[in-house]
There are 2 protein chains.
Amino acid sequence: MQKHIISALVVNRPGVLAHAAGLFSARGFNIDSLAVGETEQPEFSRMTIVIAGDEAILEQVRKQLDKLIDVVKVQDYSNVPHVERDLALIRVHTSVGRRSEILELVDIFRGRIVDVSRNDVMIELSGTEEKIEAMLDLLRPYGVREMVRTGRIALTRSARE
Amino acid sequence: MQKHIISALVVNRPGVLAHAAGLFSARGFNIDSLAVGETEQPEFSRMTIVIAGDEAILEQVRKQLDKLIDVVKVQDYSNVPHVERDLALIRVHTSVGRRSEILELVDIFRGRIVDVSRNDVMIELSGTEEKIEAMLDLLRPYGVREMVRTGRIALTRSARE
């Protein structure tokens, strides 16, 4: 099933998030990821939802979302040229003598080491889903101890006049 | 009021997000940011919530959250050594002859240009809240057209033996 990235500009008010999440769960949609953060206007937040599901039902939910009183604008990025990014913090086990191999990988993927102890390092990595997955595939053999991810955010690309 | 960063490890099932968001909105808490994404285990997601509010009521909500059937573990990072990161995509207006000034700033803050047109650039920037705010303060005079942010994620630092 195609993944959809849906963005909603919402008014900062208690309840809007619970309402929006309720719309999706009422239809049995499981949300792959969700990111809610500040925008260029202090009174608004932007929710970015990644979801897979039946196209027709998703379109209904999108419309219901658009009708919520605190939702200003809803956009589906699926068929629009856009930039997507995700952020991960990854704690990886570093066995004796193998730390330098991990540092090399971090360098190649333009990640950053943000914490280090005798037995592990914490890596900050931002990029596309594919880039993060590629790095994770290479890190797993060392032992991925813990990971937290923001989920994807997106913005439309500017038209090239 | 002190900001709290609360993390919840949850089972990937429809409804858990709506439940959790409902707990906070029922008490009138407005969520500053929320990020829900994958973890090192495919069956779990991690929710990271940034929230300000009365300490005692927040502690109640934290306990209620911990009791939800699909919530595995709740952690408040407030008094624990941890690493925090946020990610932003920022579209900035570039007037004639001033693009190079913006590129300089992006370089200093170790951001990346991810899209460019005749009149604007899109910047990817990850880092602490303070770093992103500092960059935004310097970008605002040029004209911040659009911004989307993931909200914060966090992991505890490793003990230094």
Within chain A, helix-based [θ] at 222 nm, where runs of 4 or more DSSP H residues each add -39,500 (n - 2.57), nearest 500: -8500 deg cm²/dmol
Position residue A:27, label points 7 Å along Cα→Cβ, spacing to each other copy in nm (shortest first, one decimal): 3.1
How large are Rg and Dmax for the protein assembly as shown when calculated on the C-alpha trace, in angstrom? 19.3, 58
In debye to the nearest 20, how big a dipole does chain A give about its Cα centre with +1 on each Lys and Arg Cβ and -1 on each Asp and Glu Cβ? 180 debye
Treating every alpha carbon of segment B:83-156 as one equal point scatterer without solvent, the Debye formula yields log10 I(q)/I(0) values at q = 0.25 Å⁻¹ of -1.16
Inverse of <1/r> over all distinct C-alpha pairs of segment A:3-76, i.e. the Kirkwood Rh in Å, gives 12.2 Å
How far, in degrees from 0 to 90, does helix A:55-67 lean away from the longest principal axis of the Cα atoms of chain A, to the nearest 10? 70 degrees
Report the paramagnetic label zone for residue B:69: residues of segment B:11-41 whose backbone N is under 13 Å from a point 7 Å from Cα along the Cα-to-Cβ axis. B:11, B:13-16
Cα Rg, Dmax (largest Cα-Cα span) when computed across chain A, Å: 18.6, 58
Rounded to whole Å, give me the distance from the Cα center of segment B:1-49 to that of segment B:66-121. 20 Å
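Please compute the contact order of segment A:43-161 in relative form: average sequence separation of alpha-carbon pairs under 8 Å and at least six residues apart, divided by the residue count, as a percent. Present the calculation step by step, with values, prior to reporting the outcome.
Numbers: 147 pairs, mean separation 42.2, N = 119.
Answer for segment A:43-161 is 35 percent.
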What angle do you read, to the nearest 10 degrees and between 0 and 90, between the alpha-carbon axis of helix A:99-108 and the longest principal axis of chain A? 40 degrees
Subset of A:131/B:73; B:3/B:63; A:63/B:3; A:3/A:73 violating a 22 Å alpha-carbon distance limit: A:131/B:73; A:63/B:3
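Read-outs: derived from the displayed coordinates by stated rules, not from any lab. Bear in mind that the values here come from a model prediction, so they are computed numbers and not experimental data. Please note: Cβ atoms are built from the backbone with ideal geometry, for glycine as well, and neighbour counts cover all protein chains shown.
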